[in-house]
Amino acid sequence: MAAQTVSRRQTLGWQRAGLCATAPSLPATRAALVLIAVVSAAIAPAHAQPERIVSLNLCTDQMALMLVPRETIRSLSYLAVRPDISAASDRAGGILLNHGRSEEILPLRPDMILAGRYTSRPTVFLLKRLGYDVLDQDISRSIADVRERVREVGRALGRASEAEAQVAAMDARLAALAPRPGERRPTALYYQPNGYTAGADTLVGDVMAHAGLDNLGARARVQGHGRMPLETLIELQPEILIVDDRKPQAPALAYEAMRHPALKMMIDRSVQVIVPTRLWICGIPTVVDAVEILAAAREQVLSGGRS
């Protein structure tokens, strides 16, 4: 009988969701078994290497494309195809996109669902209650976190060796880009529209450290991402000013500070570096490309060059 294949985990999930009573009458038991049998046919059994992967998050989208054959991916988030924020947009085309809604996910019969800790929470909550395998990824605040996130996804997808290969390749490039022992670290500041910067305990800050830079955001005691007045920025006089490549879709006051004459004068005395947002918006191995850009700026400053 089909109902006998339902796992205890799935049955408990239905009980918690209120779809199966804990002490049912005989008619209720029969009705519940029929319901569970029908829905269980749509819930895929677990595999060592999942064959129907669904991702609800930009960062896990890119990790899936990095680690598994394309044909095993049933759906990615709609952000995966945006070239401004996705480093894998050229590989995501043609794959079904989702907006994190349960009605989009359930018909796909996924055997592994990848999600982010802060995205599509109602859908993730429901899928977990129904007994689906869901990996919730936290954000990365350091390159050490990136290694762990890649390995975590690799284990969930049965691709541990592929994940280790990605980590090893990233670490080899990081070693080649590292500053020489005792070398001076030029001062640098990451500055975004509306005056936002990256301080301590951020992936951006750790990328800067791996590139051999002294993050003035952390020195100014910014914890995480926070605002820095333009006056403070000008007072700090960073040798390297790091900006992203995002452009306003419409006129916005948030971008006015970037056009301030005082900032333009400071830029003329500094090295201005553009790091594409897609390289470090997620904790994936593309962060090493951001390290490479910043390491080149470090060498430019140390050699006496200016942009």
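Assorted remarks:
- Test set (1) part of a helix (DSSP H, G or I); (2) touching a His at 6+ places or on another chain (Cβ under 8 Å) - G158 fails condition number: (1)
- Test: residue in segment 61-75 that is in contact (Cβ under 8 Å) with a residue 60 or more places away in the chain, touching a strand residue (DSSP E or B) at 6+ places or on another chain (Cβ under 6 Å) and not aromatic (F, W, Y): yes
- Residues considered: A92, A115. Of these, the only one that is at pLDDT 95 or above, of a type in the set (A, V, I, L, M) and under 14 Å from the mean Cα position of the chain (by Cα) is A115.
- Residue in segment 177-197 that is assigned to a helix (DSSP H, G or I) and without any contact (Cβ under 8 Å) to a residue 12 or more places away in the chain present: no
- T123 meets the conditions (1) outside any helix (DSSP H, G or I); (2) over 20 Å from L65 (Cβ atoms); (3) among the hydroxyl-bearing types (S, T, Y) in every case but one. The failed one is (1).
- Filtering R151, R155 for residues that are farther than 23 Å from S270 by Cβ and either without any contact (Cβ under 8 Å) to a residue 12 or more places away in the chain or in contact with a Phe, Trp or Tyr (Cβ under 8 Å, 6 or more places away or on another chain) (or both) leaves a single hit, R155.
- Which listed residue, of Y196, Y191, is closer than 23 Å to N57 by Cβ, among the aromatic types (F, W, Y) and over 16 Å from the mean Cα position of the chain (by Cα): Y196
- Taking segment 127-155 as the range and being among the small types (G, A, S), surrounded by 22 or more Cβ atoms within 10 Å (Cβ to Cβ) and in a helix (DSSP H, G or I) as the test, only G154 passes.
- Residues in segment 279-307 that are among the charged types (D, E, K, R) and touching a helix residue (DSSP H, G or I) at 6+ places or on another chain (Cβ under 8 Å) were compared, and the one that is farthest from A88 (Cα to Cα) is R306.
- Taking segment 123-143 as the range and being within 19 Å of the chain's Cα centre (by Cα) and of a type outside the set (S, T, N, Q) as the test, the residues that pass are V124, V134, L135, D136, D138, I139, R141, I143.
- Hey, G182 farther than 26 Å from E231 by Cβ and either surrounded by fewer than 24 Cβ atoms within 10 Å (Cβ to Cβ) or among the hydrophobic types (A, V, I, L, M, F, W, C) (or both) or not: yes
- Test result for D268, surrounded by 11 or more Cβ atoms within 10 Å (Cβ to Cβ), modelled with pLDDT of 70 or more and of a type in the set (D, E, K, R): no
- Near pairs, Cβ below 9 angstrom, 6+ apart or cross-chain, from segment 219-240 (under 24 Å from I293 (Cα atoms) and assigned by TED's automatic domain parsing to the domain that holds L189) to any residue that is part of a helix (DSSP H, G or I) and among the β-branched types (V, I, T): A220/T232; H225/V204; E239/V301; I240/V301
The values are calculated or read from the model by the stated rules, or taken from the named source; none is laboratory data. None of the values given here were measured: they were computed from a predicted structure. When we count neighbours, we look across all protein chains shown, and the Cβ atoms used for this are built from the backbone with ideal geometry, even at glycine.
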